[in-house]
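Here the structure comes first, spelled out in structure tokens, and everything after it is commentary.
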Amino acid sequence: MNLDLTKITLNYQRGEHVVRAVHDVSLTVAAGEFVAIQGSSGAGKSSLLLVAGGLLRPTEGQVKIEGQDLYEQPSEQRAAFRAKHIGIIFQRFHLLPYLSVRQNILTPTLAVSLPDAEVRAEQLIAKFGLEHRSQHQPSRLSAGECQRVATARALLANPKVILADEPTGNLDRENSAIVLDAIRAAVDAGSAAILVTHDEQAAARADRVLHMRDSQITTSEQVATE
Amino acid sequence: MNVPQLIWLEILYRKLSFAQALAVLVVAVAVSVSTVLVVRSHQLKAEAHVAQLNDEIRKITKNMGFNIDILPKEVNLSDLYANDFGEATMPFDLVKRLADSREIVTINHLRPSLIRKVRWREHDRDVILMGVSAVVPWTHRKNPKKPLEPAVPEGKIIVGAVLAEQLNLKAGQEVVFRGEKLILEKVYPSRGSSDDITVWIDLAKAQEMLQLPGRINMIQALECNCASIDRLGEVRAEIAGVLGGDVQVIERSSIALARAEAREKVKAQGAASLDQMQQHATKQTVLLAVAVSAIIGLLMFINARQRRYEIGILRAIGASTRQIILLFVGKGLLLGFTGAILGCLAGFAMGLRATANLAAESQIQLSAGDLFVPELVAVVMVATIFLTALASWIPAVTAATQDPAVVLSQE
């Protein structure tokens, strides 16, 4: 599934001023492609990611996944589409505090029917080394464990598009590697992924690195394969 | 993963918060219910007091007697007014015809009597003999009235105050009246009328003594005070409709009218007091309901508002607006239902306790059944559940319809 962002502009009101978060950004991420976006704080990276994920309506522009314009769909349909096709990993994890690790990983089943969800959840728990934590609630987990849970939740439905916002920002090298390996594996299996990161090593796992400054993409470079 | 599961897991996670919300809800509902019950018990007691007062007034005024006399057409009214009775008689059957009629609505208490001035030979003096029977019941009327004056039991005699005093008669003693041995049932207190020198015996015995079997010379009745302008005219017309021209009808005493008016006045005053109390109670209840609604609404609103972050997460992973609203409204319904039931139970317990204290201070006892109002339970249940659901629904629907990123960024 290709992800196409065309002439995306996002402005928002802060008091009497209009703040320009993203300006005239166009970007295509092909199926099986891993794109990293880097840039200074406030450059518009996270905003662009939220727009791409159907979580924040842009002021102008289109977001198409496999030719379907996300924001032309009614909100309910967009939510259903997101549940089925888009996996989002947040920097702040956004786990539900009253659910266990296992239950948090399974939350997408609230929105989308996944016949093998239980089996898949067990596989992800094992893959992310969370077996001993599967019945624990997020308050008892470390930051690295929370991020692994958030990543597992994003991957449960085998999404065709993966959007990760600073997924390694709070993690040590070992945990970072686990999360990035998982995203890479999903991309290798055919998903399109965008990773927003400050981390050079994380960006190095991508196929292409884009740089944003002042709400726009300034450069794009291919990452050399070893 | 489904919505009920999420509701349950969230409640388990925030047990204390749920218990606090439930406790506030139970207290609010219980205070409302108990207040309504206490107000209701006051009202029931006031109603009972007014009824009691009415009955006492009825008892006090009943000795004022009947005010409608139905007489044989042959009675000369001049004689009647001079002697208090007329000589002419009529058949007892006329009373039955009146009692069986559906057309008679303006009079109550049909009492046939046979009256004569006779010699009480044993004491060598003239007295008025009044043979009376029990009030003849109306065939087609429900809820019979309490008799104004009781019948004289067979073998008994009742005498007026002056007679008793002059002849030194005491209740319970045996007296001989015109050759008949009778027990003195009671002595009527002085009425300041010819009743004071009257002897009352059973109608059948009087007819036998006077050799007038099956005859009477007066039917006494009480006008019901329900006719309109020409009261006597309407009574006469009704009776004439049943008995034709065989009888004449007179209004005997304005005292009886005063009696009816006094009772009407007491009834009206009682009704006005009850109405005032009802209005006062209604105002109090409405104010209380508004205060309790505000508490419940605010409680649920704050709870749902504090959980906007969760709404953002659930929307981000693709949960529908419907699921999110169900999640919050479902919890609201559960809380509202549980709170309403426990609150009603606690409220009834508190109300009964308060009412028991009130009952101890007054003569009137009220049972739990008197105070249980199914409508109150229904209204409290529906209102509480509706309020909790509505107060959960508003912030949930507001957050669920926003872009998830906006909700998450606000938290």
(message) With the requirement that a residue be of a type in the set (Gly, Ala, Ser) and either part of a helix (DSSP H, G or I) or more than 14 Å from chain A (Cβ to nearest Cβ) (or both), what does region B:296-339 give you?
(response) B:297, B:304, B:312, B:316, B:330, B:332, B:336, B:339
(request) Identify, from the list B:111, B:116, the residue that is surrounded by 14 or more Cβ atoms within 10 Å (Cβ to Cβ), assigned to a strand (DSSP E or B) and either touching a Cys at 6+ places or on another chain (Cβ under 7 Å) or modelled with pLDDT under 90 (or both). (result) B:111
(request) Take residue A:110 and decide whether it is within 14 Å of chain B (Cβ to nearest Cβ) and buried (at least 19 other Cβ atoms within 10 Å of the Cβ). (result) yes
(message) Among the residues in region B:67-78, are any touching a residue at least 12 places away in the same chain (Cβ under 8 Å), part of a helix (DSSP H, G or I) and within 14 Å of another protein chain (Cβ to nearest Cβ)?
(response) no
(message) Can you tell me which residue is farthest from residue B:297 (Cα to Cα) among those in region B:314-335 that are more than 48 Å from the chain's Cα centre (by Cα) and in contact (Cβ under 8 Å) with a residue 40 or more places away in the chain?
(response) B:316
(request) Filter region B:1-55 down to the residues that are more than 26 Å from residue B:381 (Cβ to Cβ) and hydrophobic (A, V, I, L, M, F, W, C), then identify the one that is farthest from the other protein chains (Cβ to nearest Cβ). (result) B:53
(request) Check B:123, B:49 and return the single one that is open to solvent by 30 Å² or more (accessible area, probe 1.4 Å) and under 30 Å from residue B:370 (Cβ atoms). (result) B:49
(message) Anything in region B:137-175 that is among the charged types (D, E, K, R), in a loop (DSSP other than H, G, I, E, B) and either at pLDDT 90 or above or over 20 Å from residue B:196 (Cα atoms) (or both)? List them, or say none.
(response) B:141, B:142, B:145, B:146, B:154, B:170
(message) Against the conditions (1) farther than 19 Å from residue B:220 by Cβ; (2) modelled with pLDDT under 80; (3) not basic (Lys, Arg), where does residue B:244 fall short? Just the number, please.
(response) (2)
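This table checks each residue for (1) free of Cβ contacts under 8 Å to residues at least 12 places away in the same chain; (2) over 15 Å from residue A:45 (Cα atoms); (3) surrounded by 21 or more Cβ atoms within 10 Å (Cβ to Cβ).
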residue	(1), (2), (3)
A:130	no, yes, no
A:139	no, yes, no
A:142	yes, yes, no
A:156	no, yes, yes
A:166	no, no, yes
A:180	no, yes, yes
A:190	no, yes, no
A:201	no, yes, no
A:206	no, yes, yes
(message) Suppose we keep only residues that are touching a helix residue (DSSP H, G or I) at 6+ places or on another chain (Cβ under 7 Å) and under 12 Å from residue A:111 (Cβ atoms) within region A:67-80. Which one would you say is farthest from the other protein chains (Cβ to nearest Cβ)?
(response) A:78
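The values are calculated or read from the model by the stated rules, or taken from the named source; none is laboratory data. All values derive from a computational prediction rather than experimental measurement. Cβ: placed from backbone, ideal geometry, glycine included. Neighbour counts: every protein chain shown. The accessibility values were calculated without ligands, DNA or RNA, using every heavy atom of the protein model including side chains. Shrake-Rupley method; radii C 1.70, N 1.55, O 1.52, S 1.80 Å.
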